[in-house]
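Colleague: First the structure, then my questions, so here it is.
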Amino acid sequence: MKITITFRQIQPTEALKNYIHEKLAKIEKYLHQPVEAHVVLSVERYLQSVEINLQSKQFSIHCEEQLEDMYASIDSVVDKLNKAARRHKDKVKGAKSGQHSIPTQS
């Protein structure tokens, strides 16, 4: 996974970079194609915001979160991405195996 991190109005630290790489590595198990991730970390007054865009040939996922703690914001966004990636994987898996819900009349 190619990860690009942008810092806006915040000092870039290796700890934040490593934390993001660590968290996004867990999402990779749901994705089979090469994926690009663009992460934007910014500070607005007392809110720490995180925005993550995952892009692949077949899909795109965008999630964002604003909390008072940067690490909590990252955790929250990664949880949202996990749910979205899992939904996408289940959707693709269901379509490939032919599991379509066909209404039957009784």
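Colleague: I'd like to check something: does the stretch 73-93 contain any residue that is out of contact with any strand residue (DSSP E or B) (no Cβ under 7 Å at 6 or more places or on another chain) and modelled with pLDDT under 75?
Modeller: Among the residues of the stretch 73-93, at least one is out of contact with any strand residue (DSSP E or B) (no Cβ under 7 Å at 6 or more places or on another chain) and modelled with pLDDT under 75, which makes the answer yes.
The rows are residues; the columns are (1) assigned to a strand (DSSP E or B); (2) without any contact (Cβ under 8 Å) to a residue 12 or more places away in the chain; (3) over 15 Å from residue 88 (Cβ atoms).
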site: 22; (1), (2), (3): no, yes, yes
site: 25; (1), (2), (3): no, no, yes
site: 29; (1), (2), (3): no, yes, no
site: 39; (1), (2), (3): yes, no, yes
site: 42; (1), (2), (3): yes, no, yes
site: 48; (1), (2), (3): yes, no, yes
site: 57; (1), (2), (3): no, no, no
site: 61; (1), (2), (3): yes, no, no
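Colleague: Same structure, new question: Would you mention how many residues in the stretch 49-61 are surrounded by fewer than 20 Cβ atoms within 10 Å (Cβ to Cβ) and either among the polar types (S, T, N, Q) or at pLDDT below 90 (or both)?
Modeller: Final tally of qualifying residues: 8.
Colleague: While we're looking at this one, here's another question. Of the residues 29, 17, 89, 80, only one is surrounded by 11 or more Cβ atoms within 10 Å (Cβ to Cβ), of a type in the set (Lys, Arg) and in contact with a Leu (Cβ under 9 Å, 6 or more places away or on another chain); which?
Modeller: Matching residue, one of 29, 17, 89, 80: 89.
Colleague: What residue, of 33, 66, is of a type in the set (S, T, N, Q) and either in a loop (DSSP other than H, G, I, E, B) or without any contact (Cβ under 8 Å) to a residue 12 or more places away in the chain (or both)?
Modeller: 33
The values are calculated or read from the model by the stated rules, or taken from the named source; none is laboratory data. As the structure is a prediction and not an experimental result, all values here were calculated from the model. Positions of Cβ are generated from backbone atoms using ideal geometry, with glycine treated the same way; all protein chains shown enter the neighbour counts.
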